[in-house]
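Here the structure comes first, spelled out in structure tokens, and everything after it is commentary.
The values are calculated or read from the model by the stated rules, or taken from the named source; none is laboratory data. What you are looking at is a predicted structure, and each value in this text was computed from that prediction instead of being measured. So basically every Cβ, Gly included, is an ideal-geometry build from the backbone, and we count neighbours across all protein chains shown.
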Amino acid sequence: MEKLRIKEFDTVQFTKMVRKIKLFSSMRMDLLEKILAWVGLHGYKKGEKICRQGDIGDAFFVVYEGKVSVSVRKLGLFTKQIALLGPGDCFGEMALLRRAPRTATVTCEEDTRVFVLLSDNFNAALEGNADFAEEMRRLAAERGFTV
């Protein structure tokens, strides 16, 4: 993994991408701008793992360029691919709502760049916006979690 420098064009692209993600679609622009200050851009090589099943979730990812495979290991015996994600797709959103073990492993199918938002930074944004925090609680409840 390589931390990359985010350029202004990249932040515009991130904003366009996250506006299509349910988690962020109703977010006020001022809060999104606050979060933008904390978003990172990371580059991964083909075959690198972005996160592993069982690791504690501490970040949310949006695929900027490339493709990633999402797979789960069942009973420690076999691994099954459950999704192939590309630009604009996201994963790890539950890490923003609660820190829990990752339910899947995400591996780069090709050289890939992803936007990264750490859960600590996301939580700081929640503290400053009661409406958004309530929306996150509602989303978590829909998924059977509490925040």
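Numbers at a glance
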| quantity | calculated |
| --- | --- |
| Which listed residue is over 16 Å from the mean Cα position of the chain (by Cα), within 18 Å of residue 134 (Cβ to Cβ) and of a type outside the set (A, V, I, L, M), from 45, 34 | 34 |
| Residue match in region 106-116 (condition: closer than 21 Å to residue 23 by Cα, touching a Ser or Thr at 6+ places or on another chain (Cβ under 8 Å) and of a type in the set (Lys, Arg)) | no |
| In region 33-74, residue modelled with the lowest pLDDT [restricted to those that are of a type in the set (Lys, Arg) and farther than 14 Å from residue 95 by Cβ] | 34 |
